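J.: Have a look at this one.
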Amino acid sequence: MTAPLKNDLFLRALMREPTPRTPLWMMRQAGRYLPEYRATRAKAGSFLDLCMNPELACEVTLQPLARYRLDAAILFSDILTIPHAMNVGLEFEAGEGPKIARPVRTAADIDKLPIPDPEGELRYVMDAVRLIRRELGGRVPLIGFAGSPWTVGTYMVEGGGSKNFQHIKGMLYGAPRELHRLLEVITRATLAYLNAQVAAGAQAVMVFDTWGGALTPADYREFSLCYMQQIVDGVTRQSEGRRVPVILFTKGGGQWLADMAATGCDALGVDWTTDLADARGAVQDRVALQGNLDPSVLYAPPAEIRAQVARVLASYGKGHGHVFNLGHGIHPEVPPEHAAAMVEAVHELSPAYHS
């Protein structure tokens, strides 16, 4: 029996229901900026080993909640767990990011890809979700997540991160049928993965489309949004007697917010390059909005952080349906006390927008 939820502000805001203040969490809130995270990662041995150890993944998921008055926990994992389970040879090199030993670039490569069993090869993620839910004891909701098919596919085809997307854009323009086939496989795997997270206890899910902003508008709709639409259509939306909200986030995707809202998702993440007032106008209050403080603001002194929080809150304006967040993940060099200044500013300044 799961504990009743003591703080459901985050879930209510995603459904655009009234809340007494603006709820908040941070992308990458469990991460390298926290000394306690660095200690746990050292204990794990490597980033991948940390992701694959449910007890340690639970430990780091809960660490930011011990420091800050946050309204949600997010599963500690990585968007590349699916390709790792597809046996493409994923490794994380210190300071280099992810590297894939066997990039997927041909029809034969795609043919070899299995659909991982979420309770088999990816059971460590589901075990982490179950453990985190138990340890949370209903304090706040737990967010599950996955990478978008386009973003995961980009890593799989490029063999890692990329600046010019040589291989995947070569595939997009030179072999679009094969690229669609790859994206279909990733989408099927992602749906199974997210639905298993919900079954294990995730109370909201988020799709991270890190590289969607690298596409032309037409290509974005065909190769990224189309597959996120399939995820919105296929993901479990009811669990434990309440709705499971779906958040879509395309970094650099401000121009496509109206199209994204039309998918039937519940909320959209907005990065710092789009004003929330413009985002709210674009989506016409059809969905909730999440964001969007520039993560670099957290390098500033606490008084300036408070002023910038005030600007973001004013930009969204009065009314419900706003989840305060950064416009992307918190940077590793940010002092933890600066994150605390942001959290406290949201708690103090946001009630005025909900009266």
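J.: Can you go through Gly160, Gly144 and tell me which one is of a type outside the set (Asp, Glu) and surrounded by fewer than 21 Cβ atoms within 10 Å (Cβ to Cβ)?
T.: Gly160 is the lone residue from the list that is of a type outside the set (Asp, Glu) and surrounded by fewer than 21 Cβ atoms within 10 Å (Cβ to Cβ).
J.: Going through region 97-134 one residue at a time, which ones are of a type in the set (Asp, Glu), surrounded by 15 or more Cβ atoms within 10 Å (Cβ to Cβ) and touching a helix residue (DSSP H, G or I) at 6+ places or on another chain (Cβ under 8 Å)?
T.: Across region 97-134, the qualifying residues are Glu121, Asp127.
J.: What's the number of the only condition in (1) in contact with a helix residue (DSSP H, G or I) (Cβ under 8 Å, 6 or more places away or on another chain); (2) under 21 Å from Ala66 (Cβ atoms) that Gly138 fails to meet?
T.: Answer for Gly138: the failing condition is (1).
J.: Also, I was wondering about something else. Criterion first (of a type outside the set (Gly, Ala, Ser), closer than 23 Å to Ala341 by Cα and either surrounded by fewer than 18 Cβ atoms within 10 Å (Cβ to Cβ) or in contact with a Lys or Arg (Cβ under 9 Å, 6 or more places away or on another chain) (or both)) does Arg69 satisfy it?
T.: Criteria met by Arg69.
J.: In region 280-300, is there at least one residue being modelled with pLDDT under 95 and either of a type in the set (D, E, K, R) or within 21 Å of Arg12 (Cβ to Cβ) (or both)?
T.: Yes: one or more hits.
J.: Name every residue in region 61-100 that is within 20 Å of Asp127 (Cβ to Cβ) and in contact with a Pro (Cβ under 7 Å, 6 or more places away or on another chain), in order of residue number.
T.: Leu80, Ile82, Ala85, Met86, Leu90
J.: Further question on the same structure: Looking only at residues in region 1-59 that are modelled with pLDDT of 95 or more and among the polar types (S, T, N, Q), which one is farthest from Leu349 (Cα to Cα)?
T.: In this case the residue turns out to be Asn53.
J.: Mind listing whichever residues of region 210-221 are assigned to a helix (DSSP H, G or I) and surrounded by fewer than 22 Cβ atoms within 10 Å (Cβ to Cβ)?
T.: The answer is Gly213, Ala214, Pro217, Ala218, Asp219, Arg221.
J.: Tell me, please, whether a residue that is touching a residue at least 24 places away in the same chain (Cβ under 8 Å) and farther than 24 Å from Gln230 by Cβ can be found in region 112-123.
T.: No; the residues of region 112-123 include none that is touching a residue at least 24 places away in the same chain (Cβ under 8 Å) and farther than 24 Å from Gln230 by Cβ.
J.: Might you check whether a residue that is of a type in the set (Gly, Ala, Ser), modelled with pLDDT of 95 or more and in a loop (DSSP other than H, G, I, E, B) occurs anywhere in region 77-93?
T.: Yes; the residues of region 77-93 include at least one that is of a type in the set (Gly, Ala, Ser), modelled with pLDDT of 95 or more and in a loop (DSSP other than H, G, I, E, B).
J.: A further question follows. List the pairs whose first member sits in region 149-166 and is touching a residue at least 24 places away in the same chain (Cβ under 8 Å), whose second member is acidic (Asp, Glu), and whose Cβ atoms are under 7 Å apart, counting only residues at least 6 apart or on separate chains?
T.: Trp150/Asp209; Thr151/Asp209; Phe165/Glu158
J.: Across region 259-303, what is the number of residues that are part of a helix (DSSP H, G or I) and over 26 Å from Glu344 (Cβ atoms)?
T.: Final tally of qualifying residues: 7.
J.: Mind checking which pairs have a first residue in region 228-256 that is within 13 Å of Phe145 (Cβ to Cβ) and a second that is of a type in the set (Lys, Arg) and not in a strand (DSSP E or B), Cβ under 8 Å, 6 or more apart or different chains?
T.: These pairs meet every condition: Val244/Arg237; Val246/Arg237.
J.: If you scan region 230-260, which residues turn out to be more than 16 Å from the chain's Cα centre (by Cα) and buried (at least 19 other Cβ atoms within 10 Å of the Cβ)?
T.: Correct list: Gly254, Trp256, Leu257.
J.: I'd like the full set of residues that are over 24 Å from Ala200 (Cβ atoms) and of a type in the set (S, T, N, Q), limited to region 58-112.
T.: The answer is Thr106, and nothing else.
The values are calculated or read from the model by the stated rules, or taken from the named source; none is laboratory data. Computed from a predicted structure; not experimentally measured. Note that each Cβ is placed from the backbone with ideal geometry, even for glycine, and that neighbours are counted across all protein chains shown.
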